[in-house]
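Take a look at the structure set out below.
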Amino acid sequence: MELLLFHFTLIVLLASILASATCLSAYLVSRKRMMLLAFVAFLFYFFDVAWVFQDDFVTFLTEGAMDSFYVVARSVASIIAGGGFLVSFWLIVCDYLGETRRAVLVAPGIVFVLGSILALVLVPERNVQRFVFYSMRALMLYWMLLYIGIRFAATKSDEERARLKRHGGLYAMLWVLGIAVVASDANFFLLVEPATLDAGVRTFGVERNYMENLLMLIVAFVAARDAVRTLALRFERPLVQGGGRQEELVNQNLRLYGNRHQLSERELEVLYYVLLGNDNQNIASTMHLALSTVKVHVHNILHKTGQADRRDLIRDFWKT
């Protein structure tokens, strides 16, 4: 059994680093913020698993007698690694949903760190302490899923609703695995007799949550798949000005981008031609508008989207 868990751990480590590297590659060619955040998330998770994997060797070398300094250091490392990948995923959710409020962006991470520290300081009984400590991760996951559900229920945009529905299967799976994560921690820390925690697989598994590992394997697969699609788009089917592929992608995302920035119908039409690389004179001729009118629309679009010029506007559209 120990050998099986050893190889499972290697698979989790390999999947984490491969997903991280693939997302970094996708970011370098697309400049999508979500890909950069995914790179950071999986890199942190790689270290999170590696450090827990390290505990098994320390336990073996010290014959189960870890000193207090090591336990404290490992708890701090767990907060850093856990906070790193969880906050990164939270920022991915915010980026995907167009959430920009600073308080909403930073508050969950602060709550996670403070809750984890308080669990270590205020809960004296070790097994209960570890259960509360690791449950902060599950609470962070639940918050992300609840926030997505709230946004789905509250949105009045058909485009946004359809976009979220495409990930309904993954959303349901994450809820199921999230519940399994807490159940697994409860089994190891609360239901198992303390005397058995030093026996066999318990030593290797007591600070591990295999349901969390499974959840992350699924998320890593989804992230790597999307990253590969981004790379394929840029290398196998590169965007060319006026090309059919570019127009198809603009049409797929134009209204969603416009809704996020409260662009009018006329501004969306102008933005469409801007994204295809047309200058103001060409847009005016195509739309049968005065050149001054087109300039006003472009100015309003830049103001609403917070971009300095057309080049930044186009980059922002493709990043988001």
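For this structure, a couple of remarks:
- Any hit, the range 95-110, residues being assigned to a helix (DSSP H, G or I), of a type in the set (Asp, Glu) and over 18 Å from residue 134 (Cβ atoms): yes
- Annotation note: of 88, 78, the sole residue that is open to solvent by less than 40 Å² (accessible area, probe 1.4 Å), closer than 20 Å to residue 39 by Cα and at pLDDT 95 or above is 88.
- In the range 276-320, counting only helices (runs of 4 or more DSSP H) that sit wholly within it, the ones holding 3 or more residues that are exposed (fewer than 12 other Cβ atoms within 10 Å of the Cβ) span 291-305.
- Hey, residue 107 open to solvent by less than 50 Å² (accessible area, probe 1.4 Å), more than 30 Å from residue 191 (Cα to Cα) and small (Gly, Ala, Ser) or not: yes
- Residues of the range 110-133 satisfying the condition of being open to solvent by less than 20 Å² (accessible area, probe 1.4 Å) and aromatic (Phe, Trp, Tyr): 112, 133
- Residue count for the range 14-47 satisfying the condition of being over 16 Å from the mean Cα position of the chain (by Cα), buried (at least 16 other Cβ atoms within 10 Å of the Cβ) and not small (Gly, Ala, Ser): 1.
- Residue list for the range 137-154, filter: farther than 25 Å from residue 80 by Cβ and open to solvent by less than 30 Å² (accessible area, probe 1.4 Å): 149
- As a summary of the residue check, residue 53 satisfies the conditions (1) within 28 Å of residue 25 (Cα to Cα); (2) modelled with pLDDT of 90 or more; (3) not hydroxyl-bearing (Ser, Thr, Tyr) except for the one numbered (2).
- Any chance residue 246 is under 26 Å from residue 158 (Cα atoms), modelled with pLDDT under 85 and open to solvent by 60 Å² or more (accessible area, probe 1.4 Å): no
- The sole residue among 152, 131 that is over 25 Å from residue 221 (Cα atoms) and either assigned to a helix (DSSP H, G or I) or not small (Gly, Ala, Ser) (or both) is 131.
The values are calculated or read from the model by the stated rules, or taken from the named source; none is laboratory data. Note that the structure is a prediction, hence the values are computed from the model and not measured. Ideal geometry is used to build each Cβ from the backbone, glycine not excepted, and the neighbour counts take in all protein chains shown. The accessibility values were calculated without ligands, DNA or RNA, using every heavy atom of the protein model including side chains. Shrake-Rupley method; radii C 1.70, N 1.55, O 1.52, S 1.80 Å.
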